[in-house]
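Since every read-out is calculated from the coordinates, none of them should be taken as a lab result. Note that the structure is a prediction, hence the values are computed from the model and not measured. Because the Cβ atoms are built from the backbone with ideal geometry, glycine has one as well, and the counts that use them run over all protein chains shown.
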Amino acid sequence: LNSCASLFSTLHGIEIHGRLLKTGFQFYIPVSNALIDMYGKCCGPSPSHQVFNEMIERDVVSYNAVLGSHARFGKEMEVAKRLFVRMPFRNVISWNAMIVGYVNCGDLDSARAVFNELPARNVVSWTTMIVGYTKYGFVDEARVLFDTMPERNLVSWTAMITGYAQNGRPMEALELFRKMEAARMKLDAITMIGVISASAQLGGGELAKFISSYIEENGIEKNTKILTALVDMHAKCGNMDEACCAFDEILEPDAFAYSALIMGLATHGYGVRALDIFNRMRVEDIKPDYITFIGVLNACSHAGLVEDGLKFWESMVRDYGIQPGTEHYACMVDMLGRTGRLDEAYKLVKSIGVKPS
RNA sequence: AUCCAGGGGUACAC
């Protein structure tokens, strides 16, 4: 059931549910608890509730699992709160589930209120608050929590590093990375993504080399996300050869990976190569998205491929149903402007429904 | 090992 939950494999979950009823295993509380959790993760609160209601005897985990089904995405926090206050059992996990819900709906004040009331906070409570603050740009508030929490683990460090990286503060991200190193902590792939992203923002070739070899030497798992981050980093640090090598290591590149490579090639003026990669993406049947087209139009703009640019601009809306955003307009205006087609550029600006930036 | 926290790609000009 746990595997079904993490794979969102509802059909297998339902099949197992059926077998449990035949074998009588549903009367073993942990099994029904796992069922509640599986349904909550795969299908949402209603089937969870149904299993919960059919139980003869429930424990705190049963309540937490059904609470999680409501709170997880931060929708239904009203329901979650009602359940939370009338639950007969409650532990730190119940409180944390409420904090997660409030964080995920952007209600940081409520998250903080729950956190403040929580009698016995654990490392998850603290880390969830740190993530909440950084997600909404309050990096310094997050850092205060990070510095005052009684104990930190890998996830807390990663949350703080990623928070800095995502908020455009790469120096501080790397400073924490150095501290982890100095403390001889073992880093994992998720931590490294924040570190790679920070290095990409700094854009130094030496740093990029160091990071690459660090990943090799420490046996960091080279999954698609790591490799995509490396493509981006090498491109931003001016080493397109390394960027391409990283891309070639990706077994099944997705839209993120293609976009990172296309954008890197575009930035360096390799318009034709960028369009080549875009074409390969079509052949491999990977659906380009909003961001892919920023790279594609950017490639046309930087390489002066105006006719291609106009073609992709139309195709974007017609074939892929992507509504142009400010970035796409900017690429087009830039492209037309650079090649002296100023009246067309002007017409395009005037055609933007909303106020142009 | 029945329930809670960390993940990559985003335009132009200066």
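Label positions at A:I56 and A:V272, each projected 7 Å from the Cα along the C-beta direction, are separated by 7.6 nm. In plain terms, chain A is cut at each of the GluC sites (Glu not before Pro) found in a DSSP loop with at most 15 other Cβ atoms within 10 Å, and the longest leftover piece is A:58-150. State the dimensionless ratio Rg/Rh of chain A (Rg: radius of gyration of Cα atoms; Rh: Kirkwood radius). With Rh from the inverse mean 1/r over Cα pairs, Rg/Rh is 1.05.
Of all the options A:H17, A:H234, A:H70, the one that moves most in a Gaussian network model of chain A with Cα springs shorter than 10 angstrom is A:H17. Across the stretch A:1-45, the residues whose backbone nitrogen lies under 15 Å from the label position 7 Å along the beta-carbon direction of A:K75 are A:40-45. The smallest convex shape that holds all Cα atoms of the stretch A:280-357, its convex hull, gives 87 Å³ per residue.
Each label was represented as a point 7 Å from its Cα along the Cα-to-Cβ direction; for A:R184 and A:C105 these points are 4.7 nm apart. Using just its DSSP H runs of length 4 or more, each adding -39500 (n - 2.57), chain A gives a mean residue ellipticity at 222 nm of -23000 deg cm²/dmol after division by all residues. The region of chain A that goes longest without hitting one of the trypsin sites (Lys or Arg not before Pro) in a DSSP loop, each with at most 13 other Cβ atoms within 10 Å, is A:1-183.
Shown for A:V231, A:V272: other C-beta atoms within 10 Å of each C-beta, ranked fewest to most, produce the order A:V272, A:V231.
Extension gain, A:N279 to A:D343: 0.36 nm times the residue separation minus the Cα-Cα distance gives 20.0 nm.
The residue list A:S48, A:T339, A:H234 was ranked by how far each Cα lies along the charge dipole of chain A toward its positive end, using unit charges on Cβ atoms, and A:S48 comes out on top. The residues A:I36, A:I14, A:I277, A:I291, when put in order of fewest to most other Cβ atoms within 10 Å, stand as A:I14, A:I291, A:I277, A:I36. Can you tell me which lysines have their Cα less than 23 Å from the Cα of A:K355? Leave out same-chain residues fewer than eight positions away. Leaving aside lysines fewer than 8 places away in the same chain, those within reach of A:K355 are A:K347. Pairs with C-alpha atoms separated by more than 30 Å, drawn from the list A:K135/A:K179; A:K186/A:K236; A:K75/A:K311; A:K236/A:K311, are A:K75/A:K311.
Reducing the stretch A:154-193 and the stretch A:108-134 to their Cα centroids gives an inter-centroid distance of 20 Å.
The stretch A:315-357 and the stretch A:39-98 have Cα centres spaced 48 Å apart.
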